[in-house]
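Notes for the one structure printed next.
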Amino acid sequence: MSKLIPNKNWLTYDNKPVLREKCKLVDVNHLEKEDFEMMDKMIAYIDATYEDKAKKYRIVPGIAIAANQLGIAKQVAYIHFDEGEQEHKYMLMNPKIISTSITKTYVPHGEGCLSVLDEHEGVSIRYKTVKVKAYDYLTKKDIVINADGLLAICLQHEIDHLNGYLFYDRISDNLNNAIPYKSKE
């Protein structure tokens, strides 16, 4: 994949219908030119943040992006960030949550999103742990991710995108014994 310069104009915002559509499954054995171009953009955008270059490129920093945030309604999400000593890097195709914890969590200062410009007060309630099944294009394998912490929250956020939901759809005043997420750093 080529090294593109990330551009904020690639992003689609929450006033566009594509962000409310359920994205189409991807045939991982028959990817098209459009798919590779899309993945190149996803990597360029998120890796600019990972490499601490968001300010240089004048983009909003992010740790993950879904294909529909680029206006393409396909089941693909790219995640790349460090959590403590662990690097998380995946190009997930057709991700699906296959199990969750009973315990819930939330980010105390609220979630953010590359596709949402307006402020939304409150916290999005998420499962503390999730198990996700997907095809990881980076390793060319079907994988199962057992996630907790920020990775679990991030996976739920991105899979919500692929199903037509935004973080503010999950905002609730009722924390129902949810525990606040605490950074591992």
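Look at the alpha carbon pairs under 8 Å that are at least 6 residues apart: their mean separation over the length of the stretch 40-90 gives a relative contact order of 29 percent. Amide hydrogen proximity for residue 172: with H placed 1.01 Å from N in the peptide plane, the residues at 5 or more positions away or on another chain lying under 5 Å are 123, 125. Under the simplified labelling scheme, the residue 15-residue 125 pair shows an inter-label distance of 3.1 nm, with each label point 7 Å from Cα along Cα→Cβ. For Cα pairs less than 8 Å apart in space and 6+ apart in sequence, what is the mean separation divided by the residue count of the stretch 35-185, i.e. the relative contact order in percent? It rounds to 23 percent for the stretch 35-185.
By definition, a body whose alpha carbon gyration tensor gives a ≥ b ≥ c is oblate when a/c is 1.5 or more and a/b is not larger than b/c, and the stretch 28-160 fits this oblate description.
The stretch 137-185 and the stretch 82-113 have Cα centres separated by 3 Å. If R0 is taken as 45 Å, the Cβ-Cβ distance between residue 29 and residue 118 corresponds to a FRET efficiency of 0.70.
Each reported figure results from applying straightforward, stated rules to the coordinates on display, with no laboratory input. Since the model is a prediction, treat every value here as computed from it, not as a measurement. Please note: Cβ atoms are built from the backbone with ideal geometry, for glycine as well, and neighbour counts cover all protein chains shown.
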